[in-house]
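This report concerns only the one structure given below.
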Ligand code: DAK
């Protein structure tokens, strides 16, 4: 499928997905969401880390497309919300780490997209916010679900009830982003982290992501038992044998992803 709103670039095991709808500051319309879903559904198994960013240096994603949403009725609004929520859940559930490189506005659906990624890095000019209540709606791509999990319920309620935007330094302080870089350094630093992740044993990274995601909603005993099962599974992989052998022989390991 040729994409109208997505640019895909592969460098070794790292893939960068750039959302490109510059006329609306990369707002998410239903075609953008369909293209993202198509890309995620068909993602190449050779990709070990995915980076998601926005075209240009002003905006990551300025939200769901307000023009498209403005005339929706209740049924259409629900369907639009379900589509975005489904795509974001697929991103969150990918078996590889996903890094959001937030290069400007991440408002509404843009902030929700960044939150569906595993790690968020941003530029100094990044702005985060959930301004939906000012438009007569609530966050509809799972923002009420993920924001409180990332920054705590009190801060999530402050941001969602007030609709205020926050700057990169506040996003860093409250734990919404992992690091802030100068605009010109954001992509290099993001790629460096992506490569560092891709150098590790892919199956172990995949299991670690699955554990962290699934265990979050479990009680401690259940979570510890789950981790134990997944830890055991690592010993059925060639990567575990190769990784430990290389360590003991003081050699550099080349993981085979099996
Ligand atoms: N949608 C459509 N167009 C947008 C847009 C958006 N979210 N954001 C910006 N644009 C367009 C502007 O209309 C403008 O278009 P033209 O006038 O040039 O045709 C162009 O992008 C440039 O924007 P500005 O001229 O406004 O640029 P400024 O630098 O002055 O301001 C800004 C940048 C990001 C502060 C401003 O554009 C802004 O406030 N944008 C809206 C941000 C926002 O409110 N985002 C949240 C959208 S609501 C649900 C499903 C999903 C959601 C909710 C419910 N269900 C159905 C359950 C999610 C909702 C949202 O994400």
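Go through (1) in a loop (DSSP other than H, G, I, E, B); (2) surrounded by fewer than 15 Cβ atoms within 10 Å (Cβ to Cβ); (3) in contact with a helix residue (DSSP H, G or I) (Cβ under 8 Å, 6 or more places away or on another chain) and name the single condition residue 67 misses.
Tallying (1) in a loop (DSSP other than H, G, I, E, B); (2) surrounded by fewer than 15 Cβ atoms within 10 Å (Cβ to Cβ); (3) in contact with a helix residue (DSSP H, G or I) (Cβ under 8 Å, 6 or more places away or on another chain), residue 67 fails exactly one: (1).
Anything in the range 201-235 that is surrounded by 11 or more Cβ atoms within 10 Å (Cβ to Cβ) and in a loop (DSSP other than H, G, I, E, B)? List them, or say none.
201, 218
Please report, ordered by residue number, the helices (runs of 4 or more DSSP H) entirely within the range 72-165 with at least 1 residues that are more than 15 Å from the chain's Cα centre (by Cα) and more than 9 Å from the ligand (Cβ to nearest atom).
It comes to 74-93, 143-151, 153-162.
Conditions first: (1) at pLDDT below 95; (2) crowded, with 16+ Cβ neighbours inside 10 Å. Residue 105 passes all but one, so which condition is the exception?
Condition not satisfied by residue 105: (1).
When you look at residue 52, is it under 28 Å from residue 198 (Cα atoms), within 13 Å of the chain's Cα centre (by Cα), touching a residue at least 60 places away in the same chain (Cβ under 8 Å) and part of a strand (DSSP E or B), yes or no?
Criteria met by residue 52.
Limited to the range 190-200, what total is found for residues that are under 16 Å from residue 52 (Cα atoms) and surrounded by fewer than 17 Cβ atoms within 10 Å (Cβ to Cβ)?
So the count comes out to 2.
Tell me, please, whether a residue that is within 16 Å of the ligand (Cβ to nearest atom) and touching a helix residue (DSSP H, G or I) at 6+ places or on another chain (Cβ under 7 Å) can be found in the range 181-191. Lay out the reasoning, then the answer.
Start the filter on the range 181-191 by keeping residues that are within 16 Å of the ligand (Cβ to nearest atom), which leaves 183.
Then drop every residue that is not touching a helix residue (DSSP H, G or I) at 6+ places or on another chain (Cβ under 7 Å), which leaves none.
Scanning the range 181-191 turns up no residue that is within 16 Å of the ligand (Cβ to nearest atom) and touching a helix residue (DSSP H, G or I) at 6+ places or on another chain (Cβ under 7 Å).
Which residues, taken from the range 34-64, are within 19 Å of residue 4 (Cα to Cα) and surrounded by 22 or more Cβ atoms within 10 Å (Cβ to Cβ)?
36, 51, 52, 53, 54, 59, 60, 61, 62, 63, 64 - these are the residues of the range 34-64 that are within 19 Å of residue 4 (Cα to Cα) and surrounded by 22 or more Cβ atoms within 10 Å (Cβ to Cβ).
Taking the range 166-184 as the region of interest, how many residues are in contact (Cβ under 8 Å) with a residue 60 or more places away in the chain and assigned to a helix (DSSP H, G or I)?
1
Run down 140, 129, 110 and say which single residue is farther than 28 Å from residue 234 by Cβ, at pLDDT below 95 and surrounded by 20 or more Cβ atoms within 10 Å (Cβ to Cβ).
140
The values are calculated or read from the model by the stated rules, or taken from the named source; none is laboratory data. Keep in mind that this is a model prediction, so the values were computed, not measured. We place every Cβ from the backbone using ideal geometry, glycine too, and count neighbours over all the protein chains shown.
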